[in-house]
């Protein structure tokens, strides 16, 4: 399997190679041709200024050629319009008349490349440079090759550094998959790889919390189910000896308690796995709160507020809060439904019970957690308030606890409300 950093590295080099080749082809087929034409025209004009006129004596033209040869250290030959040699240096190449008709570079056998410059008066100046053009091509080719080499040496550490973080992220995923839920990866930089590392850490943290929650749920389930099952077993033993024993009522209560406990655990598990509400419609929070409170023979104050949610779950949330007030607070002293300053729906249930110890207030919504009051552990399965919080959050809201001045508890559920509510 080809490593990712190698693929990045090769992709960078391939892109650079394409650029170099394209530039070379452009120079070879367009730039060089244009440069030759422009260079030949310019050189011809300069030679026209440096050389004497075509009507000058042969000796004068020879002196000009010798002077150029001395200054430039190149071999020169000057031909008239008919191809007759007018002046030349000792080692100047001889060019046939048919070759003189075309300007530019030409290859002469035994003489290498020569440059034929046409002058305005019809003469031709033949130049043989000190270095053949092949040397020029080699030098021009070495420059892009040096650029490619320098780029290749500098790009590899960059590609390797980028993919090294991805390799560490891959190692973290493998560790997490192997069961190490405490695995976290370092967040380096501020780019997409760093964002991916942060997302992985958040996901790993959430997975660890869920697994720990389910472990705690299973541990508490075994503990909570043991008590009613033990009572049922003892009751069955007594019934076997005496069918008329009043333990039958205790058995009925234990079975009902066990059934309720299982139903709450199933609901808690379903809410934990719920991503969106299975059913949602507009619900008058005041109306359903009044219906649930009527079962306890209590009244509700406030005004209608419409929320969008699952009516069955909202009823269960209210019922759990009312049952909690009945069990631990001697009944609800106030039930109120209204809207807060931001327009959100608010359900407030207060009681006059002993309240919750300050050390337990942050934990009373945890599954199977029982707070303490006056040194005694509160009764119940410990799932009621946990389910209240799950239902509130499933509807985009929250539940909070606060002590009531003078003694008692206040539970406040805040839910998003519809913009249009029933007229008061």
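The values are calculated or read from the model by the stated rules, or taken from the named source; none is laboratory data. Just so it is clear, the structure is predicted and the values come from calculations on it, not from any experiment. In this analysis, Cβ positions are derived from the backbone assuming ideal geometry, glycine residues included, and neighbour counts consider all displayed protein chains.
Residue by residue, here is whether (1) surrounded by fewer than 16 Cβ atoms within 10 Å (Cβ to Cβ); (2) free of Cβ contacts under 8 Å to residues at least 40 places away in the same chain; (3) over 40 Å from the mean Cα position of the chain (by Cα); (4) under 14 Å from residue 287 (Cβ atoms) holds:
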position: 306; (1), (2), (3), (4): no, no, no, yes
position: 309; (1), (2), (3), (4): no, no, no, yes
position: 313; (1), (2), (3), (4): no, no, no, no
position: 322; (1), (2), (3), (4): no, yes, yes, no
position: 325; (1), (2), (3), (4): no, no, yes, no
position: 335; (1), (2), (3), (4): no, no, yes, yes
position: 354; (1), (2), (3), (4): no, no, yes, no
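Taking the condition assigned to a loop (DSSP other than H, G, I, E, B), touching a strand residue (DSSP E or B) at 6+ places or on another chain (Cβ under 8 Å) and either outside the structural domain of residue 267 (by TED's automatic domain parsing) or modelled with pLDDT under 80 (or both), does residue 380 pass? No, not satisfied.
State yes or no: is residue 150 farther than 23 Å from residue 209 by Cβ, surrounded by 13 or more Cβ atoms within 10 Å (Cβ to Cβ) and either within 17 Å of the chain's Cα centre (by Cα) or outside the structural domain of residue 19 (by TED's automatic domain parsing) (or both)?
So residue 150 fails the test.
For the range 314-330, indicate whether the set of residues that are out of contact with any helix residue (DSSP H, G or I) (no Cβ under 8 Å at 6 or more places or on another chain) and either assigned to a loop (DSSP other than H, G, I, E, B) or assigned by TED's automatic domain parsing to the domain that holds residue 269 (or both) is non-empty. Yes, the range 314-330 contains a residue that is out of contact with any helix residue (DSSP H, G or I) (no Cβ under 8 Å at 6 or more places or on another chain) and either assigned to a loop (DSSP other than H, G, I, E, B) or assigned by TED's automatic domain parsing to the domain that holds residue 269 (or both).
Which of the residues belonging to the range 219-246 are surrounded by 14 or more Cβ atoms within 10 Å (Cβ to Cβ) and modelled with pLDDT under 70?
Result: 220, 221, 224, 225, 245.
Scoring residue 398 on the criteria (1) surrounded by 20 or more Cβ atoms within 10 Å (Cβ to Cβ); (2) closer than 27 Å to residue 276 by Cα; (3) in contact with a helix residue (DSSP H, G or I) (Cβ under 7 Å, 6 or more places away or on another chain); (4) modelled with pLDDT of 85 or more leaves a single failure, condition (1). Filtered by the rule that a residue be without any contact (Cβ under 8 Å) to a residue 40 or more places away in the chain, in a loop (DSSP other than H, G, I, E, B) and over 25 Å from residue 333 (Cβ atoms), the range 250-301 gives 275, 276, 278, 279, 280.
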